[in-house]
Amino acid sequence: MICASIEDFAAALPRTGAVAGLDLGTKTIGVAVSDGLRAVASPLTTIRREKFTLDAQALLKIVAERDIQGLILGLPMNMDGSEGPRCQSTRAFARNLEKLTPLPIGFWDERLSTVAAERAMLEADMSRKRRAEVIDHVAAGFILQGALDRLAYMGPR
């Protein structure tokens with residue numbers, strides 16, 4: 001079920017249970033997961049994209065293993081707030097995924113999440129090679145943490 005707003009997403013979630021955040025790229029999908037109380041996002045893994053059915057299969061395996069209750073997809077808005085081609089492909093991915101899972105699917109504005117992730121890793125003095133390996137799921141962690149913070153601010157349902 002695709003949720004039009006973060007409020008709709010919150011209403012569709014059970015009171016507790018982990019949520020996953022996704023940073024969809026053209027070559028990879030960064031995946032982060034929350035704890036059961038939805039307080040902390042942790043980068044988990046990066047899925048190398050092949051074709052949608054294989055990508056979805058890898059993602060739904062994580063969902064099943066970790067008992068994920070909802071999915072947040074980073075929405076790559078333009079800096080002026082408009083939606084470009086990358087937003088359209090993210091929404092198309094969500095529509096295809098919606099056919100395979102009953103989980104609520106929400107979107108979170110991901111502007112600058114990759115920049116923030118890169119900055120954090122530079123501050124941690126991480127090597128260029130290691131940054132390239134983890135950037136996608138670290139960015140997914142930033143996306144998910146933003147959504148979790150908003151959900152917490154909204155209070156219990």
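Readers should treat all values here as calculations from the given coordinates under stated rules, not as data from a laboratory. Keep in mind that what you see is a predicted model, and the values were worked out from it rather than measured. We place every Cβ from the backbone using ideal geometry, glycine too, and count neighbours over all the protein chains shown.
The label-point distance for Met1 and Arg15, in a model that sets each label 7 Å from Cα toward Cβ, rounds to 1.8 nm. Please compute the modelled spin-label separation between Leu37 and Leu122, points set 7 Å along Cα→Cβ, answer in nm with one decimal. For the pair Leu122/Leu37, the computed spacing is 3.5 nm. Rounded to the nearest 20 debye, the dipole magnitude of the chain is 360 debye, with +1 charges on Lys and Arg beta carbons, -1 on Asp and Glu beta carbons, and the Cα centre as origin. Positive-end ranking of Leu73, Ser5, Leu148 along the dipole of the chain, with charges on Cβ about the Cα centre, is headed by Leu73. Of the trypsin sites (Lys or Arg not before Pro) found in the stretch 1-95, those that fall in a DSSP loop while having at most 12 other beta-carbon atoms within 10 Å are Arg15, Lys27, Lys51.
Consider the candidate values [x] 22, 18, 16; [y] 31, 18, 14; [z] 38, 20, 14; state which one is semi-axes √(5λ) of the Cα gyration tensor in Å computed from the structure displayed. Step by step, semi-axes √(5λ) of the Cα gyration tensor in Å for this structure corresponds to label [x].
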